[in-house]
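Step one of this worksheet: look at the structure below.
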Amino acid sequence: MHPLVTLTPEVDAALVDGRPVVALESTIIAHGMPYPANRETAQRLCEVVREEGAVPAIIALSGGRIRVGLSDTELEQLAQSSDVAKVSRRDLPAVLASGKAGATTVASTMLCAHLAGIRVFATGGIGGVHRGAAESFDVSADLDELARTPVAVVSAGAKAILDLPKTLEYLETRSVPVIGYQTDTFPAFYSRSSHLQLELRCDSPAEVAALLRLHDQLGLTAGTLIANPVPAHAAMDWDDIDTAIQRALAEADRAGITGKAVTPFLLSRLVALTDGRSLATNRVLAQNNARLGAQIAVALVQRAP
Ligand code: PSU
Ligand code: MN
């Protein structure tokens, strides 16, 4: 194992035995949801992964180590503390050096999962090209990570706080396959479709696993984005969420929020502006992604037909 990685015994045993493991990120816990919904959600994601026969591995930093798998006490600390750094790829050395607690984004979770030998990662939504990026140059490091780290990421598409067409263009430029799971269009996180067409569609975990195997056989080094729409019963009305997004973006602009603070600011304002409805949707879609991630991880370890 990589010298900076500490595994829980459960994750260690699963990796040694070649059993399915699903990585989960921690920025969604520390900076994406309020307490205690964040801890409850993380616990539920772990349960869902286990129900499908895989082992969950929440990734975070503490004590100068990359932790792959967290104890209940460690999860509780991460969920409660207001002093957890948001760690993307470039922040890893500094936060490890400080010995402080760090929550990993999609980008750094992918990298750490790869270091640990985990092929599948489930999250809520990825970062992307922000609206107004032509002026602000705000493009999430998640997209570059998808371009260079061979981990499959299951997400409910991307939030409409982003510029979804530009996000898809960027993924095409960087040769990242985007698979619509049981859909022909890119999902828009809170709603099932953005009406942006995708070229790739899979209808079962086995189909996704077959594509991932070929990706590896070809020596392709990019990640893969699996876009899994929010379940219909939990989807939000587009106009409701769009109004809240417009307001949150205007507030961020007025408050002069920039850099890594932008996404956490927008996420917390959306929860408040929708009276918590966006949080309820977020929890359902994250569970739905954890389930699919586990099913794909299980299909990957089954012998290819
Ligand atoms: N989008 C969401 N929920 C999230 C995030 C993004 O819908 O929790 C988090 C993820 O951890 C993602 C990060 O990797 O925000 C992206 O931050 P930035 O835009 O600063 O790259
Ligand atoms: Mn950014």
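Some observations on this one:
- Residue pairs meeting the criteria (Cβ under 7 Å; at least 6 apart or on separate chains; first open to solvent by 50 Å² or more (accessible area, probe 1.4 Å), in region 131-147; second acidic (Asp, Glu)): Arg131/Asp163
- Of all residues in region 31-46, those being more than 16 Å from ligand 2 (Cβ to nearest atom) and within 13 Å of the chain's Cα centre (by Cα) number 2.
- Residues in region 1-27 that are hydrophobic (A, V, I, L, M, F, W, C), in a helix (DSSP H, G or I) and open to solvent by less than 30 Å² (accessible area, probe 1.4 Å): Val11, Ala14.
- Within region 260-282, considering residues that are near ligand 2 (Cβ under 10 Å from one of its atoms) and touching a residue at least 12 places away in the same chain (Cβ under 8 Å), the one most open to solvent (accessible area, probe 1.4 Å): Lys260
- Those strands (runs of 3 or more DSSP E) of region 55-144 in which 2 or more residues are more than 15 Å from His31 (Cα to Cα), under 14 Å from the mean Cα position of the chain (by Cα) and within 16 Å of ligand 1 (Cβ to nearest atom) occupy 120-122.
- Criterion applied to Ala188, Ala234, Ala209, Ala244 was being open to solvent by less than 30 Å² (accessible area, probe 1.4 Å) and closer than 24 Å to Ala141 by Cβ, and the one residue passing it is Ala188.
- Tabulated pairs, region 14-43, first at positive phi, second away from ligand 2 (no atom under 16 Å from the Cβ), C-beta under 9 angstrom, 6+ apart or interchain: Gly18/Val301
The values are calculated or read from the model by the stated rules, or taken from the named source; none is laboratory data. This is a predicted model, so every value here is computed, not measured. Virtual Cβ from ideal backbone geometry, glycine too; neighbours counted across all protein chains shown. Note: areas computed on protein heavy atoms with side chains; ligands, DNA, RNA excluded. Shrake-Rupley method; radii C 1.70, N 1.55, O 1.52, S 1.80 Å.
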